[in-house]
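The values are calculated or read from the model by the stated rules, or taken from the named source; none is laboratory data. Every value quoted in this text rests on a predicted model; they were computed, and no experiment measured them. Here the Cβ is made from the backbone with ideal geometry for all residues, glycine too, and neighbour counts use every protein chain on show.
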Amino acid sequence: MDTILIKTVRVNGFRGLKNIEINLEPTTVLTGMNNAGKTSFLKALQVVFGNRHFLSFDDFHIEENSSISMITIDVLIVPLNEDASQNFSEDWEILLTTDRIKPSLDGDFVPLRTIVRFDEVRNTPTVKQYILEDWVDFEYGDPKHNWYELDNGNEVSFRFEEVPFFYMDAQRDILEDIKLKSSYIGKMLSKIEYTPEDIEDIENQIQSLNESAVEKSEILTIVKDALTELNSAMNSSNGGIEITPFTKKIRDLNKGLTINYGDGDNTFLMEYHGMGTRSWSSLLTLKAFIELFNTNSEKTNSVFFPIIAIEEPESHLHPNAQKRLYSQINSFKGQKIISTHSPYIASVANLREIRSFYKNNLVKIGALPMSTFQCEDIRKINRQVISTKGEIFFSKCIVLGEGETEEQALPVFFEKHFNGSSIEYGIDFIGVGSFGNYLPFIRFAESLNIPWFILSDNDDSGNVRTSVLRQLTTSGSAKQESDCIVFADNENDFEKQLINDGFQDEIKKVLLSLKTYTNEQHESVQKPRDEAEINGLSDEELYEYLTKEKAQFAPLVANEIVNSEKALPNKIINLFTKIATELNIEVQNG
């Protein structure tokens, strides 16, 4: 079916979004840490296409303790046709009008601009909309200008009933929705219609049901008889008492509506279900509402293209349910933009649908350059990165090491050095499994604007170093070795570096702590022998011990080093210094 697509959105001066551009897909998944701008982007779309009543002075971007005076939001709409043609179909051309549609050699497009200013007199934001004469590059001209400096063009509204905007935030609950006329299910319930004949028939059935319920209940009969005394109290001869356990009028059906859900014959009111079921149910009522819209459009042969913004659809759902939920949302008609903190949703989305919001000083938007990747590149990113380490979609920084040793020891060292856990700082330490596996992680992090570093072994006669540097070059990163990679000394891996740095005593303490004894007598005899044996180990023998059970020794040795009076290993300090510089972290405890 021929339809349209919001291809590009640009935002300047709205909340934390100073100057961004994001290209969208029919379904787009927004990832990134908290407060990176995902919700702000969805609300910017709402300013263009939806309800703007939420706008206030606080929505204007603050820079150096003063607010920017104007918000600019540009939207590029293009045709999305089954035959890949690049002209709007006749129906869409009639709706959008030739005044708004701009033809070009690359196809038709509609360039929309929304400007928000703050009216000091009325103390409220004002919104105006325009049709741009052209769609320019993000930076254009010579000398360079920013896109938002382009002339606004002709002022004209572009709010269409055929292009409705639906926004669903993370605080949804089907129980609350049923109570609100403004909710999606509330709007549908208010539109329930029956023929006059059906109304009479149903209400007669309800009346009969009410009379039967009262007649067969001793309690309800006693209550009704008692209440008939109102007639004498009110001096009324025509009054009468009705007790209606069930809704009397069709128009009141929605007031008593309840939803039951369960397995088989055992169904329960929604009040007895958890927030996961209630949140999911609320989301599905949006789907029903959109389907109702679509049905009505088909009846009138009208075009219909909903824009659906959903915030944190994973709320309160277990991982498998989150994966299923993505496929359900993906089946909605129209264009879907999903903001999520779920690695499960991100992992089942198509890689081309991912847009990463990363914020340090400014918000940056990242996307994987799918057209530049070979099939094998995509497969490795899916298999090695996303399938096993999906949480790094939401990382502030990624630190890569060769294996489990680095993955377990580095967080211990980090907490000592920065006087705070790596989780608090949003930093993930990842063991990639082998020195040849860094490339997919580098490509992933580079594409999504996530800072990354490597703590690498340097053994195997220089082959490891050569391989790691080759992967850096192949990734296309503009970073140099000194920016992001710390190598162990020549012919050292992580364990051997610790020994060469003089931490033999700490390693030996760990080895002794792992010795077990059956009773006090056994300990008194065996422990001195164990101490003599372990304290007499050469560096080579100590290294053999360490490498037998890397995963077991790594956190124990790291903790022993942290608890000693010694400084952390130089290579570790070097790595952490690079991280602190990149993320502007002040070291509290070096």
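Please determine, by comparing only the residues of the stretch 483-495 that are in a helix (DSSP H, G or I) and modelled with pLDDT of 95 or more, which one is surrounded by the fewest Cβ atoms within 10 Å (Cβ to Cβ). Ranking the candidates gives Asp483 first.
When the stretch 170-182 is filtered for residues that are over 15 Å from Trp280 (Cβ atoms) and not aliphatic (A, V, I, L, M), the ones remaining, listed by number, are Lys179, Lys181, Ser182. Hey, can you tell me all the residues within the stretch 161-178 that are surrounded by 14 or more Cβ atoms within 10 Å (Cβ to Cβ) and not in a strand (DSSP E or B)? Listed by number, the residues that qualify are Glu162, Val163, Pro164, Asp169, Ala170, Arg172, Asp173, Ile174, Leu175, Asp177, Ile178. Considered as a group, the residues in the stretch 556-567 that are surrounded by fewer than 18 Cβ atoms within 10 Å (Cβ to Cβ) and not polar (S, T, N, Q) include one that is farthest from Ser513 (Cα to Cα), and that residue is Ala567. Pairs meeting the criteria (first residue in the stretch 198-210 and without any contact (Cβ under 8 Å) to a residue 24 or more places away in the chain and surrounded by 13 or more Cβ atoms within 10 Å (Cβ to Cβ), second residue among the charged types (D, E, K, R) and assigned to a helix (DSSP H, G or I), beta carbons under 9 Å, at least 6 apart or on different chains) are lacking.
Among the residues in the stretch 456-473, are any in a strand (DSSP E or B) and either touching a residue at least 60 places away in the same chain (Cβ under 8 Å) or closer than 16 Å to Pro569 by Cβ (or both)? Yes, some residue in the stretch 456-473 is in a strand (DSSP E or B) and either touching a residue at least 60 places away in the same chain (Cβ under 8 Å) or closer than 16 Å to Pro569 by Cβ (or both). Which residue pairs have Cβ atoms closer than 7 Å, lie 6 or more positions apart in sequence or on different chains, and pair a first residue in the stretch 51-66 that is aromatic (Phe, Trp, Tyr) with a second residue that is crowded, with 16+ Cβ neighbours inside 10 Å and modelled with pLDDT of 90 or more? Within 7 Å, the pairs are Phe57/Phe118; Phe60/Gly13; Phe60/Ile71; Phe60/Phe118. Screening the candidates Ser208, Ser237, Ser183, Ser157 for the property of being over 30 Å from Ile329 (Cα atoms), at pLDDT 80 or above and among the hydroxyl-bearing types (Ser, Thr, Tyr) yields one hit, Ser208. When residues in the stretch 374-401 are screened for being in a loop (DSSP other than H, G, I, E, B) and in contact with a strand residue (DSSP E or B) (Cβ under 7 Å, 6 or more places away or on another chain), 2 of them pass. Meeting the requirement of 2 or more residues that are more than 30 Å from Thr388 (Cβ to Cβ), the strands (runs of 3 or more DSSP E) wholly within the stretch 254-373 are 260-263, 266-269, 307-311.
Can you pull out the strands (runs of 3 or more DSSP E) entirely within the stretch 1-56 that have at least 1 residues that are touching a His at 6+ places or on another chain (Cβ under 8 Å) and either closer than 19 Å to Leu80 by Cα or among the small types (Gly, Ala, Ser) (or both)?
Working: elements: 3-14, 17-23, 27-31.
The qualifying strands (runs of 3 or more DSSP E) are 3-14.
For Gly401, work out the one condition from (1) under 22 Å from Asp483 (Cβ atoms); (2) among the small types (Gly, Ala, Ser); (3) within 18 Å of the chain's Cα centre (by Cα) it doesn't fulfil. All conditions are met except number (3).
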